[in-house]
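Structure first, commentary second.
The values are calculated or read from the model by the stated rules, or taken from the named source; none is laboratory data. Quantities reported herein were computed from a predicted structural model and do not represent experimental measurements. Don't worry about glycine lacking a Cβ; one is built from the backbone with ideal geometry, like all the others, and counts go over all protein chains shown. For accessibility, only protein heavy atoms count, side chains too; no ligands or nucleic acids. Shrake-Rupley method; radii C 1.70, N 1.55, O 1.52, S 1.80 Å.
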Amino acid sequence: MADAPIGIFDSGYGGLTVARAVLDQLPHESIAYLGDTARAPYGPRPIAETRRFALECLDRLVDHGVKILVIACNTASAAVLHDARERYAVPTVEVIRPAVRRAAAATRNKRVGVISTMGTHRSRAYIDAFAAAPDIQVTSQPCPRFVEFVESGVTGGAELLSVAKMYLNPLVDKGIDTLVLGCTHYPLLTGVISYVVGEDVTLVSSAEETAKDVYRTLADLDALRPDSLPSPSHGFSTTGDPQEFRRLARRFLGPEVDDVFGNLAHPARKGA
């Protein structure tokens, strides 16, 4: 199994920031990425629907023969983590707990902010994950329009700055010194986010921390891909339009998105 790919799932494009971090930290590993772009975004959906969609996609990656699953979507992580760890024989890594551990270690004044999609905010997944550190005051702030800006290629300008101030100024008023980027789209907005909250606030990327967890998990299982093997290969798949996926994916990941293998259409629904 050491030669099997790392399976990365997201509701759409944001998980490609996790893929980028995995490629940077584990350059000899192969990746199989599946984005459920036909049904994105997951953020506004009921949690039961998110769980059903996510498990259908994770089933496909497991059938593909991956050696580890990475749930690279904060909303899906909140919805299916426990189900996934019981359902599959391969280890499962998600994006919430790694970021929480890093934020808890980084904060100096015990005031942490979390920005996320509406679905993740409503799930209280980050609030629950911080329960093991009751001395930390956590403030959760949904920032739904950030995803729209990123997918439109807008990472600066007066409108984005105005929206960022609207979302982030309440966190600044709380005196936070650490901010969790609780959506995998948000690392592409670190410039404007850091500008608004100030350079003294530590930004914690769930993408970077998740990649570290992937490395630790594979190393502990002695499942890292041997250096003696040929160069790795990567596959990027979408349930939506491959051409649109390729166009937006380059914005998140770069030239590694050379081939999107097939339009998988909507994953088959149980009972359909």
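Details
- Selection count, the stretch 5-31, where residues are of a type in the set (V, I, T) and not in a helix (DSSP H, G or I): 3
- Residue satisfying all of: in the stretch 68-103; charged (D, E, K, R) and more than 12 Å from the chain's Cα centre (by Cα); least open to solvent (accessible area, probe 1.4 Å) among these: D83
- Considering residues of the stretch 193-208 that are open to solvent by 20 Å² or more (accessible area, probe 1.4 Å), modelled with pLDDT of 95 or more and in a helix (DSSP H, G or I) only, the residue nearest to I96 (Cα to Cα): S194
- Odd one out for K212 among (1) surrounded by fewer than 21 Cβ atoms within 10 Å (Cβ to Cβ); (2) more than 19 Å from the chain's Cα centre (by Cα): (2)
- Some residue of the stretch 49-67 being assigned to a helix (DSSP H, G or I), of a type in the set (D, E, K, R) and either touching a Cys at 6+ places or on another chain (Cβ under 8 Å) or open to solvent by less than 10 Å² (accessible area, probe 1.4 Å) (or both): no
- Breaking point among (1) open to solvent by 10 Å² or more (accessible area, probe 1.4 Å); (2) touching a strand residue (DSSP E or B) at 6+ places or on another chain (Cβ under 7 Å), for F9: (1)
- Annotation: P41 fulfils all but one of (1) open to solvent by 10 Å² or more (accessible area, probe 1.4 Å); (2) part of a helix (DSSP H, G or I); (3) not basic (K, R); the unmet one is (2).
- Within the stretch 74-112, being of a type in the set (K, R) and either touching a residue at least 12 places away in the same chain (Cβ under 8 Å) or not in a helix (DSSP H, G or I) (or both) holds for R87, R97, R101, R102, R108, K110, R111.
Residues are listed down the side, and each one gets a yes or a no for (1) in contact with a strand residue (DSSP E or B) (Cβ under 6 Å, 6 or more places away or on another chain); (2) surrounded by fewer than 21 Cβ atoms within 10 Å (Cβ to Cβ); (3) not polar (S, T, N, Q):
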position: P134; (1), (2), (3): no, yes, yes
position: Q137; (1), (2), (3): yes, yes, no
position: F146; (1), (2), (3): no, no, yes
position: G153; (1), (2), (3): no, yes, yes
position: A158; (1), (2), (3): no, yes, yes
position: V163; (1), (2), (3): no, yes, yes
position: P170; (1), (2), (3): no, yes, yes
position: G175; (1), (2), (3): yes, yes, yes
position: H185; (1), (2), (3): no, no, yes
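- Considering (1) open to solvent by 10 Å² or more (accessible area, probe 1.4 Å); (2) not in a helix (DSSP H, G or I), the lone condition that V180 does not fulfil carries the number (1).
- If you go through the stretch 162-187 and pick out every residue that is in contact (Cβ under 8 Å) with a residue 60 or more places away in the chain and touching a helix residue (DSSP H, G or I) at 6+ places or on another chain (Cβ under 9 Å), you end up with 12.
- One residue from D135, D128 being of a type outside the set (A, V, I, L, M, F, W, C) and part of a loop (DSSP other than H, G, I, E, B): D135
- Test result for R225, of a type in the set (K, R) and part of a loop (DSSP other than H, G, I, E, B): yes
- Restricting E209, E199, E148, E159 to those that are acidic (D, E), out of contact with any Cys (no Cβ under 8 Å at 6 or more places or on another chain) and touching a residue at least 60 places away in the same chain (Cβ under 8 Å) reduces the list to E209.
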